[in-house]
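The values are calculated or read from the model by the stated rules, or taken from the named source; none is laboratory data. Everything numeric here is computed off the predicted structure, so don't read it as measured data. Using ideal geometry, Cβ is built from the backbone for each residue, glycine included, and neighbour counts are taken over all protein chains shown.
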Amino acid sequence: MAFARVIVAAYRRYGQDPSELLKMAQITPAKLQQTDARITARQMEVLSGAAMQELDDEGLGAFSRKLPWGSYGMLARASLPSPDLGVALKRWCRHHALLTGDIRLGLVESGNSAAIVVEEHADLGVAREFMLVYVLRNIHGLACWYIDSRIPLQGARFPFPAPAHADAYSFMFPGPLDFDAARAEIRFDARYLALPLRRDEKALRQMLQRALPLTVLQYRRDRLLVQQVRQALVAYPGQAHSAEGIAALLHMSSRTLHRQLKEEGASLQQIKDEVRCERAKDLLYRTGKPLKQVAAACGFRNEKSFLRAFRQWTGTSPVEFRTANR
């Protein structure tokens with residue numbers, strides 16, 4: 001509800017009455033003032049969408065000049081011809097500076113991680129928290145839409161103390177959260193930057209007819225989930241022995257993990273077998289370890305089950321494989 005109060009404050013800044021807006025979103029004046037009140041994603045979509053159009057300001061009074069209705073759609077269109085997500089995000093951040101100099105956005109890559117960072121160059125006033133959240137959710141949602149893939153966050157940081165409604169941030173920014181940070185930013189796996197854009201002008205026009213759900217709701221499908229599961233199995237074998245353990249490492253429920261893998265045409269058992277097979281081949285090729293030790297290193301309780309699984313995977317026995325690759 002704190003975000004709803006920011007939108008109402010924008011109306012007052014422009015000398016307009018928010019009464020009809022609140023009725024449209026089914027928010028009573030009494031409810032608006034409740035510090036612990038919540039609004040639904042649909043209410044937030046109605047509230048912010050109507051306000052941005054009526055005030056003709058997608059910045060909702062936060063910036064030193066208005067961002068006319070359609071400004072963020074223009075940024076999306078300008079980035080659409082990009083060959084991959086990395087180029088698209090760089091263009092989006094660069095073009096955002098044409099709208100306002102009050103904040104500057106940038107794409108920063110460091111090792112296997114990428115981050116969208118926000119540098120503040122002006123006082124955003126009472127709208128500061130809402131606008132930093134909105135801008136980061138906006139670009140994150142658009143990035144997911146561009147490549148038709150959920151982009152899980154490795155973390156999010158905000159340059160203010162944890163608000164009273166900090167628990168709501170776990171819905172907007174699933175993953176590790178830090179407050180009192182030096183700047184606002186979201187971090188994610190840099191491999192997403194290489195994925196090609198999967199949208200065209202027709203899809204963009206359809207999306208812009210109802211774009212706000214991209215900001216309000218989390219994107220569902222993840223085209224890199226199989227790779228992330230494989231990475232978790234290799235990097236954290238002790239924690240990734242079960243679906244629950246892998247899901248926890250990837251900040252999702254085990255039910256969501258299984259569902260999204262199914263959407264990608266994969267299964268957890270299939271990925272586990274692939275990782276085990278690669279591990280076994282590597283040990284048989286590079287070391288002279290006895291088969292019992294190789295079996296244990298690959299997560300098998302006994303040598304017999306390992307021999308049976310290896311033959312199913314490769315059509316040959318571990319001994320035959322080792323001999324052939326000497």
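Quick notes
- Residue 103 at pLDDT below 95 and not hydroxyl-bearing (Ser, Thr, Tyr): no
- Checked against the criteria, residue 28 does not count as closer than 27 Å to residue 153 by Cα and outside the structural domain of residue 173 (by TED's automatic domain parsing).
- Members of the range 96-115 that are over 17 Å from residue 58 (Cα atoms) and surrounded by fewer than 16 Cβ atoms within 10 Å (Cβ to Cβ): 108, 109, 110, 111, 112, 113
- Scanning the range 49-70 for residues that are part of a loop (DSSP other than H, G, I, E, B) and of a type in the set (Asp, Glu) turns up 56, 57, 58.
- Among residues of the range 19-37 that are outside any helix (DSSP H, G or I), those with a beta-carbon under 7 Å from a residue that is of a type in the set (S, T, N, Q) at least six positions away or on a different chain give the pairs 25/43; 26/43; 27/43.
- As for the range 48-69, it holds at least one residue that is on the phi > 0 side of the Ramachandran plot and at pLDDT 95 or above.
- Checked against (1) under 11 Å from the mean Cα position of the chain (by Cα); (2) in contact (Cβ under 8 Å) with a residue 40 or more places away in the chain, residue 155 passes all but condition (2).
- Only one entry in 270, 293 is within 24 Å of residue 150 (Cα to Cα) and of a type in the set (S, T, N, Q), namely 270.
- Here 108, 87, 117 are screened, and the one residue that is touching a Lys or Arg at 6+ places or on another chain (Cβ under 7 Å) and at pLDDT 95 or above is 117.
- Within this structure, residue 170 fails the test of being at pLDDT below 95, crowded, with 20+ Cβ neighbours inside 10 Å and under 29 Å from residue 39 (Cα atoms).
Let's see how each residue does on (1) within 22 Å of the chain's Cα centre (by Cα); (2) under 26 Å from residue 201 (Cβ atoms):
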| residue | (1), (2) |
| --- | --- |
| 30 | no, no |
| 33 | no, no |
| 36 | no, no |
| 54 | no, no |
| 68 | no, yes |
| 89 | yes, yes |
| 94 | yes, yes |
| 103 | yes, no |
| 106 | yes, no |
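- Looking only at the range 116-151, and only at residues there that are in a strand (DSSP E or B) and buried (at least 20 other Cβ atoms within 10 Å of the Cβ), the one that is farthest from the chain's Cα centre (by Cα): 118
- A single entry from 67, 89 fulfils the requirement of being under 24 Å from residue 183 (Cα atoms), surrounded by 15 or more Cβ atoms within 10 Å (Cβ to Cβ) and touching a residue at least 40 places away in the same chain (Cβ under 8 Å): 89.
- The one condition from (1) touching a residue at least 24 places away in the same chain (Cβ under 8 Å); (2) under 26 Å from residue 176 (Cα atoms); (3) buried (at least 16 other Cβ atoms within 10 Å of the Cβ) that residue 248 does not meet is (1).
- For residue 7: the one exception among (1) in contact with a Lys or Arg (Cβ under 8 Å, 6 or more places away or on another chain); (2) within 23 Å of residue 211 (Cβ to Cβ): (1)
- Boolean, residue 70 is out of contact with any strand residue (DSSP E or B) (no Cβ under 8 Å at 6 or more places or on another chain), closer than 30 Å to residue 196 by Cβ and not assigned by TED's automatic domain parsing to the domain that holds residue 130: no
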